[in-house]
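J.: Below are the structure tokens for one structure; questions will follow.
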Amino acid sequence: MKHLLSDFDFNKEEVLEILNLAREIKKKPEKFFGALKNKTLVMLFKKTSTRTRLSFEAAMTQLGGHAIYWESRTSQIIKGELLSDIGKVVSRYCQAIMARMYRQLELEELADSSNVPVVNGLTDVFHPCQSLGDLLTVKENLGKLKGTVAFLGDCGFNMGHSTLITFSKIGMDVNLVCPKKKKYQPNPEILKRAEKEAEGKIKIIHNPVEGIKNADVVMTDTWVSMGQEKESKPRIKDLRPYRVNSELMRKANKGAIFMHCLPAYRGFEMTKEVIDGPQSVVFDQAENRLHIQKAILLKLIK
Ligand code: CP
Ligand code: NVA
């Protein structure tokens, strides 16, 4: 049994396998109808969601199975039921669990007691389903998984880490473009392990113009992630120089694409012109969550 708790859980071959399966599913979804017949996915959410919830639920429906949306607020978790008990109980009802938690440690606690695969639907540290879907979007738009991805903004949270690990592992160069303050930089242990597994080059760059130069993919994320709401004022101030506007976008390679996992906040991490402009692929990126979720579920639920 295998979990997907972080981007380190799949090696390059496994990532390519999931990617190829997702491409096949996208081309001929009907071929996979019924592939997870009578299977159940329990989806535990401690945070809000649009894409993750809907794409996993639609994926299970289209594969012939069923997904149960389970919000922690309406569960016994808020009364203090232990995650280690939850894992043991829930895995008796289903073939896989997908969970969106505040802390990575909570997810690991749940996985430790689960007898079925657990998938990370986002924590503070990783968002692996997103970065796998993002690879699919890059492959479709650039026709290859080579070149440079520049990730601008908060590189010390889930999207920065997942992009760093998954894209460098596959062989792309990754520029993490962020302020000098420690909290915006990748976790040193994660960076070290990513560097060890990387086929592409990894750079941390503080100057946004320098960081975006030669980029084939320009990526950003919200400046205030779920759970960081109390720090929103200083974050907006610190990250302001990393806003992706048309002028900055012009410094990237010709034909560069703009990506964002969404939800996006126009006028903050990027301007309206960029996200609604011709280089943006954010809605294809959102759609690809569906195809990649199916591939992940098929790989983990045997
Ligand atoms: N990108 C992403 O995970 O979106 P949601 O938070 O809406 O699920
Ligand atoms: N970094 C964002 C990603 C949302 C999908 C957050 O954690 O809120």
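J.: Run the dipole for segment 50-128 about the Cα centre, Lys and Arg Cβ at +1, Asp and Glu Cβ at -1, nothing else charged, and hand back the magnitude in debye, nearest 20.
T.: Around 240 debye, computed over segment 50-128.
J.: Also: 7 Å from Cα along Cα→Cβ at both LYS28 and ASP276: what's the point-to-point distance in nm?
T.: Here the modelled spin labels are 4.0 nm apart.
J.: Quick one: order LEU83, LEU16, LEU41 by neighbouring beta-carbon count within 10 Å, fewest to most.
T.: With the fewest neighbours first, LEU83, LEU16, LEU41 line up as LEU16, LEU83, LEU41.
J.: Please list, ordered by chain and number, the residues whose modelled amide H lies under 5 Å from the amide H of ILE205; skip anything fewer than 5 residues away on the same chain.
T.: Sorted by chain and number, the residues that satisfy this are LEU176, VAL177, CYS178.
J.: Now a separate question. Quote the charge dipole size of segment 109-254 about the Cα centre in Debye, to the nearest 20; the model charges only the Cβ of Lys and Arg (+1) and of Asp and Glu (-1).
T.: Charge dipole of segment 109-254: 720 debye, to the nearest 20.
J.: How big is Rg to Rh over segment 158-302, alpha-carbon atoms, Rh as the Kirkwood inverse-mean-distance radius?
T.: 0.96
J.: In addition: Which value, in debye to the nearest 20, describes the size of the charge dipole of the chain about its Cα centre when Lys and Arg Cβ atoms bear +1, Asp and Glu Cβ atoms bear -1, and nothing else is charged?
T.: Once rounded to the nearest 20, the dipole reads 280 debye.
J.: Over segment 119-195, what is the relative contact order in percent, taking alpha-carbon pairs closer than 8 angstrom and at least six residues apart?
T.: Result for segment 119-195 is 31 percent.
J.: Excluding residues on the same chain fewer than 8 positions from LYS46, give the aspartates and glutamates whose Cα lies under 19 Å from its Cα.
T.: Output for LYS46: GLU57, GLU71, GLU81, ASP85, GLU106, GLU108, GLU109, ASP112, ASP124, GLU229.
J.: Then there's this: So what's the angle, to the nearest 10 degrees on a 0 to 90 scale, between helix 188-197 and the longest Cα principal axis of the chain?
T.: 90
J.: Next question, about the same structure. Rank these for me by crowding, THR48, THR123, THR137, going from fewest to most other beta carbons within 10 Å.
T.: Ranked by crowding around the Cβ, least crowded first: THR48, THR137, THR123.
J.: Is there a pair in LYS180/LYS254; LYS169/LYS192; LYS181/LYS233; LYS183/LYS230; LYS37/LYS79 whose C-alpha atoms are over 24 Å apart, and which pairs would that be?
T.: LYS180/LYS254; LYS37/LYS79
J.: Can I ask one more? In nm, what is the difference between 0.36 nm times the number of residues separating LYS201 and ASN214 and their Cα-Cα distance?
T.: Computed gain between LYS201 and ASN214 is 3.4 nm.
J.: Arrange the peptides 147-155, 190-198 so that the one whose residues have, on average, the most other Cβ atoms within 10 Å appears first.
T.: Output ranking for 147-155, 190-198: 147-155, 190-198.
J.: Ranking request for peptides 89-101, 200-212: highest mean number of other beta-carbon atoms within 10 Å first, then the rest in descending order.
T.: For the peptides 89-101, 200-212, the packing ranking is 89-101, 200-212.
J.: Is segment 27-97 rounded, prolate or oblate when judged by the Cα gyration tensor, a ≥ b ≥ c being the square roots of its eigenvalues, rounded requiring a/c under 1.5 and prolate requiring a/b larger than b/c?
T.: oblate
J.: Let me see the P(r) profile for the chain: every Cα-Cα distance counted, bins of 20 Å, each bin given as a percent of all pairs.
T.: 35, 58, 7
J.: Additional query: What does the C-alpha gyration tensor say about the overall shape of segment 170-256? Classify as rounded when a/c is under 1.5, otherwise prolate if a/b is larger than b/c, or oblate.
T.: The shape class here is oblate.
J.: For GLY227, what is the net charge nearby, where nearby means another residue's Cβ is under 10 Å from its Cβ and Lys, Arg count +1, Asp, Glu -1?
T.: It works out to a net charge of +1.
J.: I would also like to ask the following. Give me the Kirkwood hydrodynamic radius of segment 54-162, using the inverse of the mean 1/r over all pairs of distinct Cα atoms, in Å to one decimal.
T.: The answer is 15.8 Å.
No value in this document is a laboratory result; all are computed from the given coordinates. For clarity, every value in this text was computed on a predicted model and none was experimentally measured. Here Cβ is always computed from backbone atoms with ideal geometry, including for glycine, and neighbour counts include all displayed protein chains.
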